[in-house]
Structures are given as structure tokens and as C-alpha cells.
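The values are calculated or read from the model by the stated rules, or taken from the named source; none is laboratory data. Keep in mind it's a predicted model, so treat the numbers as computed, not measured. Here the Cβ positions follow ideal geometry from the backbone for every residue, glycine too, while neighbour counts run over all protein chains shown. Note: areas computed on protein heavy atoms with side chains; ligands, DNA, RNA excluded. Shrake-Rupley method; radii C 1.70, N 1.55, O 1.52, S 1.80 Å.
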Amino acid sequence: METNKLYKIALVAALLGGFVVVYYFFNPSTAFFIPCPLYFTTGLYCPGCGSQRAIHLILHGNIFGAFRFNPLMVLTLPILVYGLGITIANWIFGSTYRFMLFYSKLFIFGYFGIAVIYWVLRNLPFYPFNLLAPSS
């Protein structure tokens with residue numbers, strides 16, 4: 001294997017490993033993580049609010065707890081991990097594989113529409129929509 005590929009693999013492993021270590025050992029609710037700027041300034045939840053805490057819980061094997069903080073992120077995570085895996089493999093090995101779902105206009109606009117609807121619904125102050133807001 002080329003030295004260049006080994007460096008790329010080591011870089012990816014270090015970055016992903018660092019990400020996993022930080023999110024595994026430090027709870028975003030109590031640690032040094034940056035809060036959501038939208039929630040901090042307006043008090044409204046964005047589609048990503050609760051994602052850091054959800055990642056922390058997923059790394060501890062608590063999928064249901066993660067789903068409570070951000071169901072959209074939990075449902076999207078397998079697609080993102082697969083797409084990131086293809087991207088990293090292409091970068092390391094110089095290949096050109098594509099995850100065709102990311103090139104579908106229907107998927108892109110559909111996902112954007114779902115994210116906007118989720119954003120609006122999680123900010124409604126009554127049941128059952130107030131359950132979509134990440135609780136402490």
C-alpha cells in the first residue's frame with residue numbers, strides 16, 4: 001500500500017476516533033460544547049437541536065434516548081454514515097463511487113421539505129409536537 005494512502009487512512013482514523021472519543025466521554029449537556037446559535041438567540045429549536053446529545057447517547061447504545069432528542073438526525077444517520085464512508089473511501093483509494101441518492105432531486109428537495117416541516121412542528125407549543133423539542 002502506498003505511503004500516501006496510509007497517511008490518509010491514519011488521518012481519517014484519527015479524526016473519526018477523536019470525534020468518537022470526545023462524544024463518548026463528554027456529555028454535551030454538561031461539557032464545553034457550543035450551544036445552538038438559533039436556540040440561544042431566539043429560543044426556537046432548529047432541525048439539528050439535540051443532535052450532539054443524541055450522538056452521545058447513540059455511542060452509549062441508547063438509540064431510544066437519542067431518538068427523543070432528535071428523531072430526524074437518528075433516522076438520517078445511517079444514510080449520512082454510508083455517504084461519508086463512500087466519500088472517505090473515494091478520497092483514500094482514488095475511486096469515483098457515488099451514492100446516487102444524493103444526486104436525486106426528489107431526495108434532496110424531499111429531505112429539505114421534511115426538515116422544514118420538522119423544524120416548524122418541533123416549535124409548536126402543544127401536544128404532541130412539544131415532544132419533538134429536545135428535553136434536558
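Cβ-Cβ contacts under 9 Å between residues 6 or more apart (or on different chains), taken from a first residue in the range 110-132 that is in contact (Cβ under 8 Å) with a residue 24 or more places away in the chain to a second residue that is among the aromatic types (Phe, Trp, Tyr) and open to solvent by less than 90 Å² (accessible area, probe 1.4 Å), are listed as TRP119/TYR45; ARG122/TYR45; ARG122/PHE129; ASN123/TYR45; ASN123/PHE129; LEU132/TYR45; LEU132/TYR118.
Can you tell me which residue is most open to solvent (accessible area, probe 1.4 Å) among those in the range 42-61 that are over 20 Å from TYR118 (Cβ atoms) and part of a helix (DSSP H, G or I)? The selected residue is LEU59. Which residue is nearest to the chain's Cα centre (by Cα), if the candidates are limited to the range 82-109 and must be touching a residue at least 60 places away in the same chain (Cβ under 8 Å) and open to solvent by 90 Å² or more (accessible area, probe 1.4 Å)? Among them, the one singled out is TRP91. Please verify whether the range 111-123 includes one or more residues that are over 17 Å from the mean Cα position of the chain (by Cα) and either open to solvent by 90 Å² or more (accessible area, probe 1.4 Å) or farther than 21 Å from CYS36 by Cβ (or both). Looking for residues that are over 17 Å from the mean Cα position of the chain (by Cα) and either open to solvent by 90 Å² or more (accessible area, probe 1.4 Å) or farther than 21 Å from CYS36 by Cβ (or both), one finds at least one in the range 111-123, hence yes.
For the criterion of being of a type in the set (Gly, Ala, Ser), within 29 Å of ALA13 (Cα to Cα), outside any helix (DSSP H, G or I) and open to solvent by less than 40 Å² (accessible area, probe 1.4 Å), ALA31 passes.
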